[in-house]
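The values are calculated or read from the model by the stated rules, or taken from the named source; none is laboratory data. Predicted, not measured: the structure shown is a model, and the values here were computed from it. Positions of Cβ are backbone-derived with ideal geometry, glycine not excepted, and every protein chain shown enters the neighbour counts. Ligands, DNA and RNA are stripped out before the accessible areas are found, and what is left, the full protein with its side chains, is counted by its heavy atoms. Shrake-Rupley method; radii C 1.70, N 1.55, O 1.52, S 1.80 Å.
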Amino acid sequence: MKKTLSLMLILILILTGCGSAPIDPAPSITPESAPETFESPESVKEFLISENASYVENDINDGNVSQDLRTDTAVNGQTPYAVVVTCSDSRVPAEHVFHAGLGELFVIRTAGNVIGDYELGSVEYGADHLHTKLVVVLGHTHCGAVGATLEGGAHGYIETITNEIASCLPEGVTAEDAEILNVQNSIAKIRESHIMQELEESGAVQIVGAIYDIETGLVEFL
Ligand SMILES: [Zn+2]
């Protein structure tokens, strides 16, 4: 029985290629994804605008998710060009919205794209360690978290999210304005980080807001 199992294991290893020679570093397939390719935060923003236009025109996201790129990024590491903080809403998948493949975007998602300590640490990591030049806080239309806040909040841990959103909203605000104010509130939270302040003041990083229209697919930068 043991011998049969060993033979089966060897056969599986041969068939799947496991245990073969170590993988060779593949040449970088998406040089445009490397941060140093972009001269400035503004050029990253322009690139994202054009990629969003491609997403709107196409029914399929043909961002690079190839085995070659998986191998390349596994061996050589990641070089994303932008941090995207967005909502967990299943209609707002950042990589699709910006027509991106593997290794291009450093994405942080919470319901209502709110920023707490973990999210702020993640933003710092993307900007300071991975050297992304642009941080985008991407809110969206018909946001359930903003809607729940306007309707009076929620129970359980969801309340921590609606309380955070409520803290930046004046009374009687419309849903559309609330979505923008909520993005601006998250940007203000990011700017509380000394690391992010220094990066932004030096011009190495720009922090911008945007709203994604879940119906048309368009991202509008604020
Ligand atoms: Zn949302």
Looking only at residues in region 127-157 that are away from the ligand (no atom under 16 Å from the Cβ) and not in a loop (DSSP other than H, G, I, E, B), which one is most open to solvent (accessible area, probe 1.4 Å)? 129
Quick check on residue 161: is it within 14 Å of the ligand (Cβ to nearest atom), within 27 Å of residue 57 (Cα to Cα), of a type in the set (A, V, I, L, M, F, W, C) and out of contact with any Cys (no Cβ under 8 Å at 6 or more places or on another chain)? no
Only one of (1) in contact with a Gly (Cβ under 9 Å, 6 or more places away or on another chain); (2) more than 30 Å from residue 167 (Cβ to Cβ) does not apply to residue 68, and that is (1)
It is to be established whether one or more residues within region 57-74 are under 17 Å from the mean Cα position of the chain (by Cα), open to solvent by 60 Å² or more (accessible area, probe 1.4 Å) and aliphatic (A, V, I, L, M). yes
Qualifying position, being open to solvent by 30 Å² or more (accessible area, probe 1.4 Å), in contact with a strand residue (DSSP E or B) (Cβ under 6 Å, 6 or more places away or on another chain), under 16 Å from residue 210 (Cα atoms) and without any contact (Cβ under 8 Å) to a residue 60 or more places away in the chain, among 88, 122: 88
Could you list, in sequence order, the residues of region 177-209 that are within 13 Å of residue 85 (Cβ to Cβ) and assigned to a strand (DSSP E or B)? 207, 208, 209
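Conditions tested, residue by residue: (1) of a type in the set (Val, Ile, Thr); (2) open to solvent by 40 Å² or more (accessible area, probe 1.4 Å); (3) modelled with pLDDT under 95.
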position	(1), (2), (3)
2	no, yes, yes
6	no, yes, yes
31	no, yes, yes
95	no, yes, no
114	yes, no, no
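Going through 82, 94 one at a time, which residue ends up being within 15 Å of the ligand (Cβ to nearest atom) and closer than 24 Å to residue 145 by Cβ?
Going through 82, 94 in turn, the sole match is 94.
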Candidate set from region 97-112 (those that are among the hydrophobic types (A, V, I, L, M, F, W, C), in a loop (DSSP other than H, G, I, E, B) and open to solvent by less than 30 Å² (accessible area, probe 1.4 Å)); member that is nearest to the ligand (Cβ to nearest atom): 98
